[in-house]
Amino acid sequence: LSMATSGIVAEVLVDEGQMVAAGEPLVRLDAAQARAAVARAEADLQRSQANLDDLLDGNRVEDIAVAQAAVDAAQARLDKLVQSTDAGDLAASQAAVASANASLQKVLEGPSDQELIAAKADIANAEAALTQAQRAYDRVKWRNDVGATQESANLQTATNNYEAAKARYDDLLAGASQADINAANAQLWQANAQFEALRAGRPSDIASLEADVRSAKANLDKLLAGSTTSQITAAEADVKANTASLQQALISLSQTELRAPFNGLIAAVDINPGEQATPGAALVRLADTTAWRIETEDLTELQVVDVQVGDEATITFDALPGVEMVGTVTTIRPFGENSSGDIVYTVVLEPGAITSNTMESSAVQDRLRWNMTAVVSFAADQSAGRGDAVASGQ
């Protein structure tokens, strides 16, 4: 008996000389990959069957409701965008452009005379306040806690105000920096871009939202129309294909186990756990010892022509002297083989009744072994040959 597939032997479940029943496991290969393939095939079949069931059952009410909600949402976004381009929005955007342009011009032109005069006045006022605060501080600076006095705080505030007024005046004299000009330009560019987008009605955005509405409506229409014949046919084909894949995976899994094809005796075990098994290589020899047969090995072409299927012969055994039984020819193999220069043919006989015996019949059966030498004698006008006792087996 051999495996139908290759693999590493995981278990050898029988021993030589053991009797086994038909279907009993003899050898198991490592089947981890085969079991994983079965699991994948089962999952694929379940998915395809679920898809087919959904198509046959039709679309659920909740699926249609979700699709309708998607249509409504897409239409609402489109309506909002279209409504946002009204005259009020355009006027506000145009005013923002004018304001940004005025700000840029002011930055480019620099300070006016009035701004410079006001800045100088701020410096003078701050300087006067600083002088007054300094005098008040001088009157109490001898105190140990002078830092905590109100005069000290007033002096600090006056100093800060003076420095700030002077800095503003210096900034006005220096004019706008490049960073100020860049910022004003950027603000104007952004205001112009927003105005142009509103005035143009933002056609690209509107077109995109219109496409969303069409797509959502198409999906809703598809659900309302139900499954097409082609969809159901394709889903049925998927189920059939995945069913076949599962069946093949199950066959591959079953081929990782060698089972006895009939009741019999384990005559030989030629494999061990951990070894590699290959298809066709004999791992276990199983014999049906209830049905022996004798095969001749030296009947020449001149002798075999006198033998016919159904002929009877006398069979004796070298190892069992005194035992004689009748055998009937069941098969004559048509192809001869060369043996020491002679062409010999194999004749198969089925042993029958024991005609001469010095021991009990059951004892004869117990002592017969595979490949024992037997002498086959045909009728007086026929031939004799030597053969082997063979149990029916694999």
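The values are calculated or read from the model by the stated rules, or taken from the named source; none is laboratory data. The shown structure was predicted, so the numbers you read here are calculated from the model rather than taken from an experiment. Because the Cβ atoms are built from the backbone with ideal geometry, glycine has one as well, and the counts that use them run over all protein chains shown.
Observations, loosely collected:
- Residues satisfying the stated conditions in the range 329-348, i.e. in contact with an Asp or Glu (Cβ under 8 Å, 6 or more places away or on another chain), assigned to a strand (DSSP E or B) and within 20 Å of residue 370 (Cβ to Cβ): 330, 347, 348
- Taking residues in the range 312-326 that are in a loop (DSSP other than H, G, I, E, B), and partners anywhere that are among the aliphatic types (A, V, I, L, M) and surrounded by 13 or more Cβ atoms within 10 Å (Cβ to Cβ), the pairs with Cβ atoms closer than 7 Å and at least 6 places apart or on different chains are 319/372.
- Residue 55 being surrounded by 14 or more Cβ atoms within 10 Å (Cβ to Cβ), aliphatic (A, V, I, L, M) and at pLDDT below 75: no
- Count - residues of the range 162-193 that are surrounded by 12 or more Cβ atoms within 10 Å (Cβ to Cβ) and at pLDDT below 75: 6
- Residues that are surrounded by 19 or more Cβ atoms within 10 Å (Cβ to Cβ) and assigned to a strand (DSSP E or B), drawn from the range 278-311: 284, 286, 287, 292, 294, 296, 299
- Considering the range 212-249, the residues that are over 14 Å from residue 45 (Cα atoms) and polar (S, T, N, Q) include one that is modelled with the lowest pLDDT, namely 227.
- Selection from the range 136-152 of residues that are exposed (fewer than 12 other Cβ atoms within 10 Å of the Cβ), among the charged types (D, E, K, R) and part of a helix (DSSP H, G or I): 138
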